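Enquirer: Please read through the structure below; I'll follow up with questions.
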Amino acid sequence: MRHFIHSVLFIAALNPLQADTFFVENGQALAEIVIAEKPARMTKLAAKELQSTLAKMSGATLPVVTERSVGKTAIFVGMSRFTGELGLSTQNLKHGAFRMASGKDWLALLGADKDFVPIEPWGRKRDKNEAARVNAEWDKITGETFWNTASELYQLYHPELDVWMTDDAGTFNAVNEFLRGLGCRWFAPGEIGEVVPKMATIALPQVERTVTPDFGLRRFVYYTQHTGIGERALWNLRLGLNFGADIVGFPQMCHGLKFVINREEMKQKHPELYLLTDGKRVTSGEGMPNLLSPLLFEKQVKQTRAMFDHFQEPMHNIDLTDGYSGRTSDDPAWQAQQTPLRGWAGAMSDHVFGYLNRVALEVHRSHPERLVSALAYGAYTMPPEKIEKLSPNLALIDVRHRQEFWEESKWNERKQWRAEWLKKLSSGKYITWDFSTNARPEQAGRPVYYTKQISRDLRELKGVSLGEQVEIYAHPAGKEQSFGYHDLAIEHFNLYVTARLYWDTNQDVEAMLADYCTSYYGPAAEAMKAFITHAEANWMQMSTDAVKIGESFDLLAKAKAAADPASLPSRRIQQIADTMKPLEALRVQISRKRETDLDYRVLETVNTGAKPLGSKPLDGKVDQAYWSTVRIAPLIKLRPQDPQPKCNSSFQIQREGSTLHIGIVCLEPDMKGLQSSTTKNDDPKLRAGDHITLLIETSSRSYYEISINPAGAVYDLDHAPGGKGVDWTSGAQVAVHRGADRWSIEMRLPIVGAEAFTLDPTKGIDGAQPKDLFPWHFNVGRTRVRDDKVERTAFSATGKDGFHVTEKFAKLWGR
């Protein structure tokens with residue numbers, strides 16, 4: 001029987017069996033919910049879900065019983081002796097599939113509902129001692145010092161629901177499909193995300209359906225997975241998602257090699273397992289593997305076999321430690337395996353899959369019925385060229401970003417790579433991995449909707465992919481309020497559409513949008529549909545096009561005006577407005593005239609290979625031990641007709657947390673001739689002598705000036721309209737060093753935040769961290785005064801004899 005998940009179609013299928021057969025009539029309960037005497041965990045949760053939701057709808061609470069009352073209409077939730085007597089079965093229902101059936105006075109909502117039983121040793125909580133206990137037990141089993149992947153199994157149990165995410169949820173899916181047929185929706189987590197219509201009377205439907213999903217694996221994971229996902233756990237279940245343990249197993253489905261090499265005992269005993277870079281083995285963090293090590297191959301094969309033998313996993317991930325892409329090695333043999341001419345996405349493909357395929361083949365000799373998985377990811381996204389057919393037990397997890405598929409060239413490129421992979425994939429086992437990261441602080445702002453891309457892609461993947469995992473950004477637990485916006489305010493609809501299409505890719509996304517807007521936004525439905533439709537067509541232009549941003553704000557304002565300010569629809573719209581707030585400043589910023597494409601990318605200090613700048617004494621010395629040699633940018637003459645500068649100057653900018661570290665070096669053959677016209681802060685005379693000028697325009701304010709002279713005096717000024725002028729202070733820590741042939745500056749500039757001016761207009765730079773989507777703009781200039789002659793140089797040439805030319809400010813950005 002062909003199934004239809006979309007609720008509009010399902011409602012039509014729920015025809016009342018007879019007018020006098022009701023579960024609830026005029027707010028009075030006329031039925032009971034019947035479960036087995038010893039129900040599965042998910043069955044109990046399903047019964048609770050049905051009971052509580054019907055009560056919200058009608059005000060009537062149906063009792064949950066294990067013995068059916070004579071003469072009472074029954075809703076059978078999960079298998080029991082009663083459903084057995086009716087000849088109902090859940091045989092062959094897999095991956096959360098379910099059955100719905102009805103009779104004269106009963107409705108059955110059924111799934112397989114198999115309870116997950118963890119195998120010892122496994123971790124009960126996030127605790128160092130608990131991890132040590134679990135690893136010690138694992139050591140006894142393996143005779144090695146591998147990290148036990150089951151030490152993190154506690155993440156999959158949700159005590160507030162008393163279920164494991166690895167439990168089969170067929171009955172729960174059946175219950176929620178029935179409730180969707182009554183008009184219930186769970187568009188987002190929590191009460192604000194649910195739609196439960198009021199119905200005083202609920203009739204027994206006539207139904208006979210078996211519903212199977214188009215994709216067996218349907219997993220959403222959140223950045224906060226290790227600390228608990230709260231109400232998102234229930235939302236996942238209501239969306240019909242699963243963990244897919246019967247397909248991919250219970251451990252994480254990526255970077256499985258880290259569990260072989262990340263224990264300190266392994267690092268100490270076998271340093272040869274780790275990549276050799278700059279004369280040192282890379283053992284920091286989880287460690288970087290040396291794929292040319294025979295011992296690494298031996299250890300990984302042993303660990304994989306142990307996972308199969310002890311935990312009876314159907315699939316085990318053997319992929320590399322995260323961050324391997326882009327690594328280098330001193331080993332000429334390692335270098336010889338790289339293929340940089342293929343570009344970034346294929347630079348390591350033959351190197352990585354040459355190793356992984358050997359592991360897979362060796363494991364296949366002993367466990368031919370089990371699968372190992374590897375990612376197509378980073379520098380090994382493209383298929384290898386030197387392997388015609390991959391091992392018959394190797395499954396591929398293709399890491400993509402569906403949101404990017406609005407660009408036809410990327411869509412076609414990924415389709416081509418998939419086709420090439422499938423030709424090599426002897427197992428035929430293909431899985432996709434996607435991302436939902438628009439709510440990350442460095443990306444949040446644009447109203448990114450891409451439902452048509454989701455639909456097109458999933459339709460192509462049906463019958464090809466076993467399923468999918470989506471990795472979702474979530475604010476850190478306990479810190480949600482500090483961000484000023486809800487992480488799923490916009491993204492929830494993309495995720496909702498994705499989850500529902502996992503069950504039936506043939507659904508009409510336009511109909512889903514119409515249903516969403518009507519159900520979720522009430523009187524603002526038409527306005528919100530116009531807003532979302534515009535956003536889906538234009539979000540990709542909203543980092544550069546102020547007109548498109550303005551149009552989006554206008555449409556959202558119409559939606560806000562259509563909703564009662566005290567209503568749920570208004571609160572939902574306000575969440576979107578809060579998320580889009582950075583676009584207001586960006587619109588102003590990109591409306592300004594720009595006459596340079598010059599940019600400077602700010603690196604985090606941890607990525608420079610040097611010592612942490614925060615641990616360095618602030619002494620003005622820009623030494624390589626802390627600053628390294630990365631991203632050193634020169635200052636040049638301001639105009640083509642100016643003579644070449646007599647003294648070279650350069651700068652670096654790095655970020656450490658919420659601090660920008662700025663190092664400036666001014667070469668100077670005439671140190672005795674340095675002119676420091678003042679030693680006092682905020683003295684305009686400072687500009688008359690030698691000095692450095694830093695000009696900063698943030699995404700929310702234009703612009704600030706911080707000038708520093710060789711005496712260490714600071715002159716900072718807010719040039720923006722309504723600013724406090726010289727009464728403003730940046731809060732920067734500054735130190736100046738004078739050497740034999742140079743003077744240099746170290747500055748630590750705090751990133752106060754986007755509300756700094758509102759909180760205190762006299763202190764701090766108003767602006768969030770400079771990002772790719774929401775950058776700052778800046779210039780660094782040096783003024784050198786000798787014998788009444790002034791020489792000026794800057795990072796960005798202004799074309800004038802001065803630095804204060806905002807259209808020439810360069811882009812300052814980072815990640």
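The values are calculated or read from the model by the stated rules, or taken from the named source; none is laboratory data. Just so it is clear, the structure is predicted and the values come from calculations on it, not from any experiment. Reconstructed Cβ throughout: ideal geometry from the backbone, glycine too, with neighbour counts over all protein chains shown. These area figures cover heavy atoms from the full protein model, side chains too; ligands, DNA and RNA do not enter into them. Shrake-Rupley method; radii C 1.70, N 1.55, O 1.52, S 1.80 Å.
Enquirer: Would you mind working out the accessible area per residue for the range 35-146, using a 1.4 Å probe, and quoting it in Å²?
Expert: 49 Å²
Enquirer: Follow-up question, since we're still on this one. Give the dimensionless ratio obtained when the Cα radius of gyration of the range 464-608 is divided by 2.2 N^0.38 Å.
Expert: 1.24
Enquirer: So, one more: No solvent, one uniform scatterer per C-alpha: report log10 I(q)/I(0) for the range 541-652 via the Debye equation at q = 0.14, 0.17, 0.18 1/Å, two decimals.
Expert: Once normalised to I(0) and log-transformed, intensities are -0.84, -0.93, -0.97.
Enquirer: Taking amide H positions as placed in the peptide plane 1.01 Å from N, state which residues far from ASN290 in sequence (5 or more) or on other chains have amide H under 5 Å from it.
Expert: Long-range HN contacts for ASN290: TYR274, LEU275.
Enquirer: Something else now. Once the Cα atoms of the range 237-319 are picked out, what are the Rg and Dmax in Å?
Expert: Rg, Dmax (Cα atoms, Å): 15.3, 53.
Enquirer: Do me a favour and compute the ellipsoid semi-axes for the range 361-402 from its Cα gyration tensor, root of five times each eigenvalue, largest one first, whole Å.
Expert: So the equivalent ellipsoid measures 22, 13, 7 Å along its semi-axes.
Enquirer: Ranked by accessible surface with a 1.4 Å probe, highest first, in what order do ARG402, ARG792, ARG365, ARG41 come?
Expert: ARG365, ARG792, ARG41, ARG402
Enquirer: If you take the Cα Rg of the range 274-366 and divide it by 2.2 N^0.38 Å, with N the number of residues, what do you get?
Expert: Compactness ratio reported: 1.15.
Enquirer: Still on this structure: Going from most exposed to least, what order do HIS486, HIS661 have by accessible area with a 1.4 Å probe?
Expert: Putting HIS486, HIS661 in descending order of accessible area: HIS486, HIS661.
Enquirer: Using only alpha-carbon positions, what ratio does the radius of gyration of the range 479-526 give when scaled by 2.2 N^0.38 Å?
Expert: Compared with the compact-globule rule of thumb, the range 479-526 sits at 1.40.
Enquirer: Based on Cα coordinates alone, diagonalise the gyration tensor for the chain, multiply each eigenvalue by 5, take square roots, and list the semi-axes in whole Å, largest first. Intermediate values should be presented prior to the final figure.
Expert: Details: eigenvalues 611, 253, 99 Å².
In descending order the semi-axes read 55, 36, 22 Å.
Enquirer: Between GLN675 and THR762, what is the label-to-label distance in nm when each label sits 7 Å out along the Cα-to-Cβ direction?
Expert: 3.3 nm
Enquirer: What list of ³J(HN,Hα) couplings, whole Hz, do you get for the range 505-514 from phi and the Karplus terms 6.51, -1.76, 1.60, once you set θ to phi - 60° and write x for glycine and proline?
Expert: For the range 505-514, the Karplus-derived couplings read 6, 7, 5, 8, 5, 5, 5, 5, 5, 4 Hz, x marking Gly and Pro.
Enquirer: Here's something else I'd like to know. What dipole magnitude, in Debye to the nearest 20, does the chain give about its Cα centre under +1 on Lys/Arg Cβ and -1 on Asp/Glu Cβ?
Expert: 840 debye
Enquirer: Once the convex hull of the C-alpha atoms of the range 194-351 is built, how many Å³ does it hold per residue, rounded to a whole number?
Expert: In the range 194-351, the Cα convex hull volume per residue is 196 Å³.
Enquirer: Quick one: if the Förster radius is 45 Å, what FRET efficiency do VAL70 and LYS415 give, using the C-beta to C-beta distance and rounding to 0.05?
Expert: Numbers: r = 60 Å, r/R0 = 1.34.
After rounding, the FRET efficiency stands at 0.15.
Enquirer: Here is a further query. Taking a probe of 1.4 Å, how large is the accessible area per residue of the range 741-815, in Å²? All intermediate terms of the calculation are to be shown ahead of the outcome.
Expert: Numbers: 2890 Å² over 75 residues.
In whole numbers, the range 741-815 has 39 Å² accessible per residue.
Enquirer: Calculate how large, on average over all directions, the projected area of the Cα convex hull of the range 553-604 is; give the answer in nm² to one decimal.
Expert: Average projection, Cα convex hull of the range 553-604: 5.7 nm².
Enquirer: With unit charges on the beta carbons (Lys and Arg positive, Asp and Glu negative) and the dipole taken about the Cα centre of the chain, which residue among VAL399, GLN416, ILE192 sits farthest to the positive side?
Expert: With unit charges placed on the Cβ atoms, the residue in question is GLN416.
Enquirer: How much length is gained if the chain between LYS423 and ILE632 is pulled fully straight, taking 0.36 nm per residue apart and subtracting their Cα-Cα distance, in nm to one decimal?
Expert: Length gained between LYS423 and ILE632: 70.6 nm.
Enquirer: Hey, can you rank 369-375, 73-79, 22-28 by average C-beta count inside 10 Å, highest first? Walk me through the intermediate numbers first.
Expert: On the way: 369-375: 22.1, 73-79: 25.1, 22-28: 16.4.
Highest to lowest by the protection proxy: 73-79, 369-375, 22-28.
Enquirer: Moving on. Could you list, bin by bin from short to long, the percent of Cα-Cα pairs of the range 620-680 in 5 Å steps?
Expert: Going from the shortest bin to the longest, the percentages are 4, 13, 19, 20, 18, 15, 9, 2, 0.
Enquirer: Moving on to the next point. Using +1 on the beta carbon of Lys and Arg, -1 on that of Asp and Glu, and nothing else charged, what's the dipole of the range 672-783 about the Cα centre, debye to 20?
Expert: Charge dipole of the range 672-783: 420 debye, to the nearest 20.
Enquirer: Keeping the other protein chains in place, figure out the carbon and sulfur percent of the accessible area of the chain, with a 1.4 Å probe.
Expert: Answer for the chain is 51 percent, counting heavy atoms of protein chains only.
Enquirer: For q = 0.15, 0.21, 0.22 Å⁻¹, what log10 I(q)/I(0) does the range 593-658 give under the Debye formula with an equal point scatterer on each alpha carbon and no solvent?
Expert: Result of the Debye calculation: -0.63, -0.94, -0.98.
Enquirer: I want the antiparallel fraction of DSSP beta bridges within the range 529-662, as a percent rounded to 5.
Expert: Numbers: 6 of 8 bridges.
In the range 529-662, DSSP labels about 75 percent of beta bridges as antiparallel.
Enquirer: Then there's this: Rounded, prolate or oblate: which fits the range 718-802 when a ≥ b ≥ c are the square roots of the eigenvalues of the alpha-carbon gyration tensor, with rounded for a/c under 1.5 and prolate only if a/b beats b/c? Show your work: numbers first, answer last.
Expert: Details: a/c = 1.87, a/b = 1.67, b/c = 1.12.
Cα axes put the range 718-802 in the prolate bin.
Enquirer: Just round it to a whole percent: the fraction of Cα-Cα distances in the range 395-484 exceeding 16 Å.
Expert: 61 percent
Enquirer: Can I ask one more? Along each of its three principal axes, how wide is the spread of alpha-carbon positions in the range 36-158, in whole angstrom units, largest first?
Expert: Projected onto the principal axes, the Cα atoms of the range 36-158 cover 62, 33, 22 Å.
Enquirer: Now a separate question. Where in the range 444-481 does the amide nitrogen come within less than 13 Å of the point 7 Å from the Cα of LYS94, taken along Cα to Cβ?
Expert: Residues passing the 13 Å test: 466-467.
Enquirer: Pulled fully out, how much extra length does the chain show between ALA333 and ASP619, if you take 0.36 nm times their separation in residues and subtract their Cα-Cα distance?
Expert: That works out to 98.6 nm of additional length.
Enquirer: Here is a follow-up. For the pair LYS389/GLU144, report the inter-label distance in nm, with labels modelled 7 Å from Cα in the Cβ direction.
Expert: 2.8 nm
Enquirer: On to the next question. Remind me, relative contact order of the range 315-373 in percent, using alpha carbon pairs under 8 angstrom and six or more residues apart?
Expert: Rounded, it is 46 percent for the range 315-373.
Enquirer: Relative to the longest principal axis of the C-alpha atoms of the chain, give the angle of the C-alpha long axis of helix 349-366, reported between 0 and 90° and rounded to the nearest 10°.
Expert: 30 degrees
Enquirer: For the range 144-229, what is the convex hull volume of the alpha-carbon atoms per residue, in Å³?
Expert: Convex hull volume per residue, Cα atoms: 165 Å³.
Enquirer: For GLU604, what accessible area in Å² do you get when you roll a 1.4 Å probe over the heavy atoms of the protein chains, rounding to the nearest 10?
Expert: Using a 1.4 Å probe on the heavy atoms, I get roughly 70 Å².
Enquirer: Counting only DSSP beta bridges with both residues in the chain, tell me the antiparallel percent, nearest 5.
Expert: Percentage antiparallel, nearest 5: 65.
Enquirer: Quote the FRET efficiency, to the nearest 0.05, computed for ASP642 versus VAL588 with a Förster distance R0 of 30 Å and r equal to the Cβ-Cβ distance. Working shown, then result.
Expert: Details: r = 32 Å, r/R0 = 1.08.
The value I calculate is 0.40.
Enquirer: Can you tell me the length gained on complete extension of the stretch LYS611 to ALA477, counting 0.36 nm per residue apart and subtracting the Cα distance?
Expert: 45.2 nm
Enquirer: Taking each pair of different alpha-carbon atoms in the range 660-815 once, compute 1/r for the pair, average those values, and report the inverse of that mean as the Kirkwood hydrodynamic radius in Å to one decimal.
Expert: 15.9 Å
Enquirer: Here's a follow-up. Which whole-number value in Å² is the accessible area per residue of the range 514-567, probe 1.4 Å?
Expert: Heavy-atom accessible area per residue stands at 42 Å².
Enquirer: Using θ = phi - 60° and the Karplus form 6.51 cos²θ - 1.76 cosθ + 1.60, what ³J(HN,Hα) does each residue of the range 639-650 get, whole Hz, x for Gly and Pro?
Expert: Per residue, the Karplus-derived 3J(HN,Hα) values read 9, x, 7, 5, x, 4, x, 6, 10, 7, 9, 8 Hz.
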